[in-house]
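The values are calculated or read from the model by the stated rules, or taken from the named source; none is laboratory data. A quick note: this is a predicted structure, and the numbers were derived from the prediction, not measured. All Cβ positions, even for glycine, are placed from backbone atoms using ideal geometry, and neighbour counts span all protein chains on display.
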Amino acid sequence: MGIDRNASTTGRSNMDLNAELEPLTVYSYKVSPAMDSLVRHVLKTIPDCYTEEFPSFSVFETYNRFGAHCEPEGNIFCDPSLLNLPRDVATGTLAHEFAHLFLRHTGEGGLHDEHEADALACRWGFEKEIEALREHFGPPTEQ
């Protein structure tokens with residue numbers, strides 16, 4: 001299933017990145033307008049050649065000790081504090097997590113997966129943002 005640039009940014013359906021939407025309810029969670037804007041920004045930047053292969057996903061705005069985290073099932077959890085980081089760091093963090101999703105990482109690949117996600121996010125055009133992410137948080141770790 002590819003990215004439909006005309007669906008919502010949360011839920012298991014394709015996304016409309018151009019829709020004017022209220023904060024979207026996914027199960028019992030809501031994504032704030034600011035988080036929704038960040039998600040849309042990252043998704044709009046991913047080159048179209050990747051969208052056909054993009055897996056389904058849901059985005060949740062909830063406490064996450066890592067700032068953001070992607071699960072193999074396609075759930076991306078973003079801590080609200082992500083929005084308090086410099087924009088390039090927040091963007092790099094989210095691009096990195098979407099790269100894990102795209103690569104279908106299971107969390108068992110350790111540092112290899114972390115470097116692979118950074119590399120893919122850079123190929124998507126997030127070089128400066130990944131650099132800012134690494135300057136802010138340091139090199140990848142296995143956690």
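The residues of the stretch 68-81 that are more than 11 Å from the chain's Cα centre (by Cα) and in contact (Cβ under 8 Å) with a residue 40 or more places away in the chain amount to a single one, Pro80.
Restricting attention to the stretch 108-132 and to residues that are in contact with an Asp or Glu (Cβ under 8 Å, 6 or more places away or on another chain) and over 25 Å from Glu52 (Cβ atoms), the residue that is modelled with the lowest pLDDT turns out to be Gly110. Mind checking which residues of the stretch 35-56 are loosely packed, with under 15 Cβ neighbours inside 10 Å and either among the charged types (D, E, K, R) or in a helix (DSSP H, G or I) (or both)? Ser37, Lys44, Asp48, Cys49, Glu52, Glu53 - these are the residues of the stretch 35-56 that are loosely packed, with under 15 Cβ neighbours inside 10 Å and either among the charged types (D, E, K, R) or in a helix (DSSP H, G or I) (or both). When we screen Thr141, Thr93 for residues that are under 14 Å from the mean Cα position of the chain (by Cα) and either in a strand (DSSP E or B) or of a type in the set (S, T, N, Q) (or both), the only hit is Thr93.
Testing Asp48 on (1) among the charged types (D, E, K, R); (2) in contact (Cβ under 8 Å) with a residue 40 or more places away in the chain; (3) over 13 Å from Arg104 (Cα atoms), one condition comes back false. Which one is that? Just one mismatch for Asp48, condition (2). Scanning the stretch 61-74 for residues that are surrounded by fewer than 18 Cβ atoms within 10 Å (Cβ to Cβ) and farther than 21 Å from Asp118 by Cβ turns up Thr62, Tyr63, Glu73. Counting only residues that are of a type in the set (Phe, Trp, Tyr), surrounded by 19 or more Cβ atoms within 10 Å (Cβ to Cβ) and in a helix (DSSP H, G or I), the stretch 96-138 holds 2 of them.
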